[in-house]
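Please read the structure below before turning to the comments.
The values are calculated or read from the model by the stated rules, or taken from the named source; none is laboratory data. What you see is a predicted model, and the numbers here were worked out from it, not measured in a lab. Here the Cβ positions follow ideal geometry from the backbone for every residue, glycine too, while neighbour counts run over all protein chains shown. These area figures cover heavy atoms from the full protein model, side chains too; ligands, DNA and RNA do not enter into them. Shrake-Rupley method; radii C 1.70, N 1.55, O 1.52, S 1.80 Å.
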Amino acid sequence: MPETLEAVSPTGSRHLYFRYPEGATIKNSASKIAPGIDVRGAGGMVIAPPSYRADKDGAYAWTNPPGLF
């Protein structure tokens, strides 16, 4: 994987953030690449740090500093 921003959810799942390639069309998908791998592209929504998830009593957090890349 290329170096990119990464966050962790309150449930422990990893979230990787990539730049949207100019001129590309990226569709949303859930588990099409592999089980548990979701893609969010045009029209997709993500939850990013420092969002808080009350039902899990935890916040999304960066695992590497924003602005690093």
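Would you please name the residue that is most open to solvent (accessible area, probe 1.4 Å), looking only at residues in the stretch 38-69 that are farther than 14 Å from residue 9 by Cα, among the aliphatic types (A, V, I, L, M) and part of a loop (DSSP other than H, G, I, E, B)?
Step by step, filter the stretch 38-69, then rank; the result is 45.
May I ask you to list the residues in the stretch 2-36 that are touching a residue at least 12 places away in the same chain (Cβ under 8 Å), more than 18 Å from residue 49 (Cα to Cα) and either open to solvent by less than 60 Å² (accessible area, probe 1.4 Å) or under 10 Å from the mean Cα position of the chain (by Cα) (or both)?
26
Hey, could you check the stretch 37-58 for residues that are among the basic types (Lys, Arg) and touching a residue at least 40 places away in the same chain (Cβ under 8 Å) and say which is nearest to residue 6 (Cα to Cα)?
Looking at the filtered set, the residue picked out is 53.
For the stretch 21-69, which residues satisfy the criterion of being modelled with pLDDT of 90 or more and either among the charged types (D, E, K, R) or touching a His at 6+ places or on another chain (Cβ under 6 Å) (or both)?
22, 27, 32, 38, 40, 53, 55, 57, listed by residue number.
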